[in-house]
Structures are given as structure tokens and as C-alpha cells.
Amino acid sequence: MKTTLKIKLNPSSEQFVFLRQTMSNFNSACNYISNYAFSNKIFSKFKIQKIIYHDIKENFHLSSQLIIRAIAKVCESYKINKTKLHTFNEKGAVIYDERIMTWKGQEFVSLWTINKRQNIPLILGEFQKSKWDYIKGQADLVLISNTFYLIATLDIQEVEQQTNIDVLGVDFGIVKIISDSDGQSFSGEKIDRVREKVHTIRKKLQSKGTRSAKRHLKKIRRREQRFRKDVNHCISKKIVQKAKDTQSSIALEEFKGIRKNERRYRKSERCRFSSWSFDQLRRYIEYKAILNGVDVIVINPKNTSRECSNCGYTDKKNRKSQSEFRCIECGYHDNADLNAAKVIRTRALVKKPIVSGALKKSA
């Protein structure tokens with residue numbers, strides 16, 4: 001299984017300038033290549049390299065391998081859409097492979113720059129060190145908040161899938177981000193406080209509309225993204241570990257069209273619904289499950305919040321409120337999110353052979 005690892009660099013002030021100029025030259029070369037490719041409708045790496053390689057070499061002072069990587073980056077972008085000119089930000093990622101990048105233990109990385117190769121110090125945490133042996137192939141040099149990182153590719157061998165004797169149903173919600181069929185929920189006051197605080201600050205800044213306010217909005221957006229990512233990693237890790245410990249598969253709802261249903265919620269709840277990255281959380285659960293040998297089952301989400309986990313009766317009136325579920329047929333009463341998680345588990349148990357096969361095809 002291929003995934004990525006974010007590694008922080010600690011260049012000197014002089015090395016920072018070299019890396020920054022290399023990044024600028026690389027993306028300027030990408031724009032030059034893109035203009036040529038789009039104007040002449042030539043999107044083949046080999047044809048472009050044969051025609052304008054020497055022009056790029058003379059104008060942008062890049063190494064041969066970085067020129068090849070720039071051509072590849074442009075051509076890859078046009079595989080998706082050839083109808084409009086593609087432009088590249090001067091702070092866009094620089095693609096390094098093993099010919100222009102050498103890892104020197106866990107202390108330094110040697111990178112080609114416009115001023116020859118530079119040995120850049122690394123800053124590694126325990127997590128990065130634990131994944132070090134899996135680093136393979138190329139890495140992307142990125143600049144985030146004036147700090148350089150290498151996004152390295154990891155090639156991790158998948159764990160043999162465990163024998164599952166049960167299913168853990170998982171429901172995604174508004175107040176509780178996740179509820180499972182065992183009665184455990186993952187949310188809390190901290191997440192709500194952060195969401196409400198960010199929403200309030202964003203409204204004030206958007207109403208001002210000044211340059212300073214827009215810069216502040218960008219900082220808040222990045223801070224909120226980091227918060228969501230951290231919480232989603234923690235939640236997904238706990239869910240997968242629980243499934244592994246209990247020898248259970250994980251049952252999730254299909255997410256297609258989830259944003260289309262946003263209007264069914266009250267206006268006061270829409271901010272909660274739209275501000276959380278449920279798709280990211282699901283992807284984290286799925287890839288962590290693969291690494292731990294846990295099977296993931298995807299089920300149809302239709303009426304999971306209206307179906308009774310006790311008798312199976314489905315009716316809109318069963319859902320009394322956001323948090324309360326009471327079946328009008330059998331009188332079963334439960335938390336609405338917990339009931340939905342139990343329904344998801346039941347559907348996965350009944351249709352497991354069929355749904356598991358569908359999942360493998362989609363993967």
C-alpha cells in the first residue's frame with residue numbers, strides 16, 4: 001500500500017534562499033512548458049522534451065532531471081483537462097526523485113538546488129522515525145507557512161487480513177462526529193467549541209473584507225484544517241484499533257451525495273454539518289484498516305436514521321429529534337446516532353458477502 005509521510009526540513013537561511021529560488025525556477029519552467037504544450041496541442045512528455053529541453057535548460061538553469069520532472073508534472077496535469085491553459089503557482093511543489101535527492105540517514109537529505117546540492121537537516125518525530133524504512137521513490141518539496149517539507153512516498157506492506165467474527169457499525173453525525181454500535185461516541189465539547197469559535201471569527205472577518213482580514217482568514221483556515229486532520233487521525237486510529245481488538249469488520253455508510261442533503265438540517269446545524277471533513281475521516285479509517293488487516297464494508301445509507309434497530313420498522317416519525325429515536329411500532333427507545341450505528345451493523349451482517357465483494361471492486 002502506498003501512502004505519504006510529511007518530513008520537516010531545517011535549512012539554514014542561505015539554504016532556504018536556494019530552495020526558494022529552485023522552487024520558483026521549477027514552477028516558472030512548468031508555466032513555460034504549459035504555454036508551449038497548450039499552444040501547440042502537444043501533451044506527450046517525449047515530444048515536448050525533444051523540442052524545448054534546451055530552451056528550458058538555458059532559461060531556467062535547472063538540472064536535467066528537474067527539467068524532466070517539470071515536463072512530467074505539466075503533462076500529468078493535462079491528462080485531466082486539455083481544454084484550458086494550466087498555470088502553476090511559484091510556490092508549487094517541486095518533484096524530487098532518487099537522481100536528485102539522497103537520504104543521509106535520519107539527519108540530512110541531499111537535494112539539488114540552483115547552487116549545487118545542499119545537505120539539509122531534518123526534523124523527525126517518533127512517528128516519522130517509525131516509518132523511515134518504508135520510504136521509497138520520489139518526494140515532493142513543498143512550502144507551507146514559510147516552512148519547507150518533503151512529502152515522501154511510503155510503500156508499506158499490507159497486513160494479512162484478520163478473521164473477523166463480528167461487525168462494528170459506525171454512524172457519522174452532526175453533534176457526535178462518530179457513534180459506533182457498541183455505544184461509544186467520538187466528539188465532545190472541545191470540537192464544538194473550536195467549530196463555534198472559528199465560525200464566529202470567520203463571520204466577523206468576512207464582514208470587514210480588508211486585506212488584513214483576508215490574511216487572517218487564511219491563517220484560520222489552515223489552523224482549522226490542522227485541527228480537523230489531527231482529530232480525524234485520532235478518531236480513526238481508535239475505531240480501527242477497537243475493530244482489530246474485537247476481531248470485527250468496520251461497517252460504514254456510502255458517502256455519495258452527502259452534501260446534497262445539507263438543507264434537511266436546521267440552519268443553525270448546517271455550519272456543524274458542512275465544517276467537518278467526513279470524507280477525510282472515512283479515508284483515514286479505510287487506509288488504517290488496510291494497514292491493520294481489518295475489513296471495511298460499505299452499506300447503503302438510505303433510512304439508517306429512520307429504521308428501528310430492534311424490529312426493523314422504518315418511518316420518518318421514528319426520529320423524534322436530532323438525538324432521540326423512538327419506534328412507533330415497537331416502542332424501542334434509544335439515542336438516534338447509536339440506533340443508526342446498530343442498523344448499519346445489522347445491514348452489514350446480513351449483506352456482508354455481497355457488500356464486501358463490491359468494496360473490493362471499488363478499491
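The values are calculated or read from the model by the stated rules, or taken from the named source; none is laboratory data. Since this is a predicted model, take the numbers as computed values, not measurements. Using ideal geometry, Cβ is built from the backbone for each residue, glycine included, and neighbour counts are taken over all protein chains shown.
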THR246 loosely packed, with under 12 Cβ neighbours inside 10 Å and among the β-branched types (Val, Ile, Thr) = no
For the range 171-201, the count of residues that are of a type outside the set (Val, Ile, Thr) and assigned to a loop (DSSP other than H, G, I, E, B) equals 6
VAL74 being surrounded by 15 or more Cβ atoms within 10 Å (Cβ to Cβ), hydrophobic (A, V, I, L, M, F, W, C) and free of Cβ contacts under 8 Å to residues at least 60 places away in the same chain | yes
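Can you pull out the residues in the range 222-232 that are surrounded by 14 or more Cβ atoms within 10 Å (Cβ to Cβ), of a type outside the set (D, E, K, R) and out of contact with any Leu (no Cβ under 6 Å at 6 or more places or on another chain)?
PHE227, VAL231
Residues checked against (1) surrounded by 14 or more Cβ atoms within 10 Å (Cβ to Cβ); (2) among the polar types (S, T, N, Q); (3) closer than 29 Å to ASN232 by Cα:
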residue	(1), (2), (3)
TYR287	yes, no, yes
VAL298	yes, no, yes
PRO301	yes, no, yes
SER305	yes, yes, yes
CYS308	yes, no, yes
LYS316	no, no, no
SER321	no, yes, yes
GLU324	no, no, yes
Does ALA251 qualify as being outside any helix (DSSP H, G or I), modelled with pLDDT of 85 or more and closer than 30 Å to GLN161 by Cα?
-> yes
If you scan the range 129-164, which residues turn out to be within 30 Å of LEU217 (Cα to Cα) and polar (S, T, N, Q)?
-> SER145, ASN146, THR147
If you go through the range 147-170 one residue at a time, do you hit one that is under 22 Å from the mean Cα position of the chain (by Cα), assigned to a strand (DSSP E or B), of a type in the set (Gly, Ala, Ser) and under 22 Å from ASN300 (Cα atoms)?
-> no
Condition check for GLY312: of a type in the set (Gly, Ala, Ser), more than 29 Å from GLU286 (Cα to Cα) and free of Cβ contacts under 8 Å to residues at least 40 places away in the same chain = no
Would you mind stating whether GLU90 is closer than 19 Å to PHE18 by Cβ and assigned by TED's automatic domain parsing to the domain that holds PHE148?
-> yes
Does ILE178 satisfy the criteria of being surrounded by 11 or more Cβ atoms within 10 Å (Cβ to Cβ) and modelled with pLDDT of 85 or more?
-> yes
Given the conditions (1) in contact with a helix residue (DSSP H, G or I) (Cβ under 9 Å, 6 or more places away or on another chain); (2) not assigned by TED's automatic domain parsing to the domain that holds ILE344, report the number of the one that ASP180 does not fulfil.
-> (2)
Write out, first by first residue and then by second, each pair whose Cβ atoms fall under 7 Å of each other, whose residues are 6+ apart or on separate chains, and whose first residue, in the range 100-111, is of a type in the set (D, E, K, R) while the second is in a strand (DSSP E or B).
-> LYS104/SER110; LYS104/ASN119; GLU107/PRO121; GLU107/LEU122
Being within 23 Å of LEU338 (Cβ to Cβ), in the same structural domain as GLU286 (by TED's automatic domain parsing), of a type outside the set (A, V, I, L, M, F, W, C) and exposed (fewer than 12 other Cβ atoms within 10 Å of the Cβ), is that true of even one residue in the range 189-204?
-> yes
Take the range 32-74 and flag every residue that is closer than 15 Å to ILE95 by Cα and among the polar types (S, T, N, Q).
-> SER63, SER64, GLN65
